[in-house]
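Working notes, beginning with the structure itself.
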Amino acid sequence: MILVFGSINIDLIVPAPELPRPGETVLGGDYRLLPGGKGANQALAARRAGSVVRMAGAVGKDAFAGAALELLRQDGVDLALVRQVEQPTGLASIIVDTGGENLIAVASGANAAVTAAIVPDEMLGPQTIVLCQMEVPPAETAALVHRARTRGARCILNLAPALPIDRDLFGDLDLLVANEAEAATLVEDPAAIAQRLRQVLVVTRGAAGSTVFLRDGGQLDIPALTIEAVDTTGAGDTFCGVLAAALDQGYSLNMALRRASSAGGLAGRARGAQTAMPDAAAIDVAAARLPQ
């Protein structure tokens with residue numbers, strides 16, 4: 001079982017011919033309102049990949065709350081740990097250019113009210129993978145990870161967005177996942193960081209695939225799926241969710257990473273984050289044709 005502790009948002013997506021520079025206005029096409037948030041995205045990706053998933057987070061009491069949870073509910077993610085609070089539902093403003101690149105600004109809203117206390121101890125144990133990001137209060141994430149680790153759960157942290165992280169947390173993490181820009185904020189050499197984790201540091205590199213730094217000093221290079229990118233907004237979240245799902249389902253680390261890489265590529269072929277996430281059957285096909 002996967003327990004995702006993280007953010008739930010509504011995404012306001014504006015397609016544009018190019019990303020605006022500071023102070024510049026760019027006229028775009030018709031906007032769309034879609035469910036998002038790194039936590040919710042990763043929960044949905046893991047669920048579509050075939051795992052049992054519980055979502056722990058918060059939404060507001062506004063009109064966006066139902067829409068933010070719509071696909072999670074539709075796909076069968078357990079929402080019993082989602083709280084309704086006074087702050088508005090989180091919102092991400094996303095500009096996507098014709099090449100699929102994006103700019104994102106997030107208003108945290110209800111996500112800032114998420115606490116580790118909403119997750120009961122009985123949901124944390126050896127059969128649970130706890131999957132976290134950095135869009136809810138970092139201190140609450142750290143508290144949950146530490147509690148989960150003491151009860152035998154496996155813990156994955158996606159360092160997104162790249163906020164300061166307590167280095168003492170490394171010893172409680174099985175996997176740390178970051179893109180190149182996020183990994184650079186850690187300052188230390190990736191191989192040195194990996195030695196402080198319980199298992200691996202995964203650095204994703206977009207179309208160049210990912211580099212995996214093992215705790216024992218070894219390294220894996222995982223290729224990316226070759227695609228014509230339409231919108232990369234949800235690719236990283238899909239990678240993380242499917243990685244957690246594959247490990248939950250008993251795949252080896254190497255195969256789990258290959259499935260995650262394949263799924264991340266598939267997610268970049270359509271617009272939106274959650275709406276573009278593949279199911280297990282599509283991941284099976286893509287992973288089989290991923291280069292060795």
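Computed 3J(HN,Hα) for segment 205-219, one whole-Hz value per residue from the Karplus formula 6.51 cos²θ - 1.76 cosθ + 1.60 where θ = phi - 60°, is 10, x, 5, 8, x, 9, 10, 10, 9, 8, 4, 7, x, x, 8, glycine and proline marked x. Considering all C-alpha pairs of segment 228-292, those separated by over 17 Å amount to 31%.
For segment 1-65, the calculated P(r) over all alpha carbon pairs, in 5 Å bins from 0 to the bin holding the longest distance, is 4, 16, 17, 17, 14, 13, 11, 6, 2, 0 percent. When you restrict to C-alpha pairs under 8 Å that are six or more residues apart and normalise by the size of segment 21-92, the relative contact order lands at 36 percent.
In plain terms, the chain from residue 163 to residue 61 could stretch by 33.9 nm, reckoned as 0.36 nm per residue minus the Cα-Cα distance. Sorting the segments 66-77, 125-136, 200-211 by their mean number of nearby beta carbons within 10 angstrom, highest to lowest, gives 125-136, 200-211, 66-77. Where both bridge residues fall in segment 42-170, DSSP classifies roughly 40% of the beta bridges as antiparallel. Near residue 129: Cβ cut-off under 9 Å, other residues only, Lys/Arg at +1 and Asp/Glu at -1. The net charge is -1. Over segment 120-178, the Kirkwood radius and the radius of gyration, each from Cα atoms, give a ratio Rg/Rh of 0.93.
Considering segment 107-220, its Cα convex hull presents a mean projected area of 7.6 nm².
Taking one quarter of the surface of the C-alpha convex hull of the chain gives a mean projected area of 14.2 nm². Expressed as cubic angstrom per residue, what is the convex hull volume of the alpha carbon set of segment 145-281? Given the Cα convex hull of segment 145-281, per-residue volume reads 110 Å³.
Computed from the coordinates by the stated procedures, all read-outs in this text should not be read as laboratory data. Since the model is a prediction, treat every value here as computed from it, not as a measurement. Cβ atoms come from the backbone with ideal geometry, glycine included; neighbour counts cover every protein chain shown.
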